[in-house]
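For reference, the structure is listed below as structure tokens.
The values are calculated or read from the model by the stated rules, or taken from the named source; none is laboratory data. No experiment lies behind these values; they were computed from the predicted model shown. All Cβ positions, glycine included, derive from the backbone under ideal geometry; neighbour counts span all protein chains shown. Remember, those area values only see protein heavy atoms, side chains included, never the ligands or the DNA or RNA. Shrake-Rupley method; radii C 1.70, N 1.55, O 1.52, S 1.80 Å.
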Amino acid sequence: MKRYVLLVGGTGARLADALICAASAGAFPAEKLEVLLADTDRRGVRSAGLVAAKMADYARVHQAMQKSEGPFRTELAFSSWPGRLPEDASTIAQYTAGSEADALLCQALFDRDAAALDLHEGFHGRRMLGQVTFEGLLHEAEQNPEDALNAMAGEMADAITRGEEVRVVLAGSVCGGTGAAGIAALTRFLRTR
């Protein structure tokens with residue numbers, strides 16, 4: 001059986017902490033659990049980098065203990081998505097500047113303040129901003145076989161084709177920006193794969 005946990009946004013990052021605590025206590029089977037954090041926030045207190053560091057700490061303990069029972073028995077394979085936002089596109093206005101149609105759509109959908117928000121810090125409760133950004137990022141992910149999310153979706157599809165059972169948990173908050181936009185976008189992405 002393949003197990004996947006996709007965590008979205010700041011709430012997803014908080015849930016990663018809970019997941020690490022539960023795995024540390026031996027709450028999961030002694031199997032591999034694929035964990036992906038989908039969040040553009042690279043600077044906040046719940047950023048993907050901090051979650052990755054905690055996951056790496058867990059992995060070191062798991063590796064050192066090499067146990068099939070008890071605490072730290074579950075392998076947590078962590079990745080974050082998107083890997084990086086383009087450096088020259090830290091706002092939605094910059095991200096859509098390459099296409100006249102996209103730039104006009106951006107101007108129609110977002111006021112200047114929203115269009116100028118730094119995407120490296122999440123979507124600040126603006127679901128529509130997240131939806132537009134996620135759609136662009138997911139389109140780019142589909143074109144890149146090495147993209148973490150695209151690779152994970154491909155692994156899921158391959159396992160299903162082989163007749164394996166695949167379990168997926170998608171978690172975040174629908175009350176903010178990243179989670180509210182990301183849960184719907186990732187659900188659509190995975191269903192089409």
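Scanning the range 61-112 for residues that are surrounded by 15 or more Cβ atoms within 10 Å (Cβ to Cβ), among the polar types (S, T, N, Q) and either more than 30 Å from residue 4 (Cβ to Cβ) or touching a Cys at 6+ places or on another chain (Cβ under 6 Å) (or both) yields 91, 94, 96. How many of the residues making up the range 14-27 are open to solvent by 60 Å² or more (accessible area, probe 1.4 Å) and over 15 Å from the mean Cα position of the chain (by Cα)? Counting residues in the range 14-27 that are open to solvent by 60 Å² or more (accessible area, probe 1.4 Å) and over 15 Å from the mean Cα position of the chain (by Cα) gives 3. Contact map, the range 59-80: first residue β-branched (Val, Ile, Thr), second residue assigned to a loop (DSSP other than H, G, I, E, B), Cβ cut-off under 9 Å, separation 6 or more or different chains; pairs are 61/71; 61/72; 74/26; 74/27; 74/28; 74/29; 74/30; 74/31. Of all residue pairs spaced 6 or more apart or on separate chains, those with beta-carbon atoms under 6 Å, a first member in the range 109-129 that is farther than 10 Å from residue 93 by Cα and a second member that is among the basic types (Lys, Arg) and open to solvent by 50 Å² or more (accessible area, probe 1.4 Å) are 120/42; 120/43; 121/43. Being modelled with pLDDT under 95, in contact with a Ser or Thr (Cβ under 8 Å, 6 or more places away or on another chain), crowded, with 18+ Cβ neighbours inside 10 Å and outside any helix (DSSP H, G or I): is that true of residue 11 here? For residue 11, the condition - modelled with pLDDT under 95, in contact with a Ser or Thr (Cβ under 8 Å, 6 or more places away or on another chain), crowded, with 18+ Cβ neighbours inside 10 Å and outside any helix (DSSP H, G or I) - is not met.
Could you please let me know if residue 138 is under 16 Å from residue 36 (Cα atoms), open to solvent by less than 80 Å² (accessible area, probe 1.4 Å) and touching a helix residue (DSSP H, G or I) at 6+ places or on another chain (Cβ under 7 Å)? Yes; evaluated as a whole, the condition is true for this residue.
Remark: residue 187 falls outside the filter, which requires a residue to be part of a helix (DSSP H, G or I) and either crowded, with 18+ Cβ neighbours inside 10 Å or out of contact with any Leu (no Cβ under 7 Å at 6 or more places or on another chain) (or both). All conditions in (1) more than 20 Å from residue 174 (Cα to Cα); (2) assigned to a helix (DSSP H, G or I); (3) open to solvent by less than 20 Å² (accessible area, probe 1.4 Å) hold for residue 33, with the sole exception of (2).
Residue by residue, here is whether (1) open to solvent by 90 Å² or more (accessible area, probe 1.4 Å); (2) of a type in the set (D, E, K, R) holds:
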{"residue": "115", "(1), (2)": "no, no"}
{"residue": "126", "(1), (2)": "yes, yes"}
{"residue": "133", "(1), (2)": "no, no"}
{"residue": "148", "(1), (2)": "no, no"}
{"residue": "151", "(1), (2)": "no, no"}
{"residue": "161", "(1), (2)": "yes, no"}
{"residue": "168", "(1), (2)": "no, no"}
{"residue": "172", "(1), (2)": "no, no"}
{"residue": "178", "(1), (2)": "no, no"}
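For residue 54, the conditions (1) at pLDDT below 90; (2) basic (Lys, Arg); (3) surrounded by 15 or more Cβ atoms within 10 Å (Cβ to Cβ) all hold with the exception of (1).
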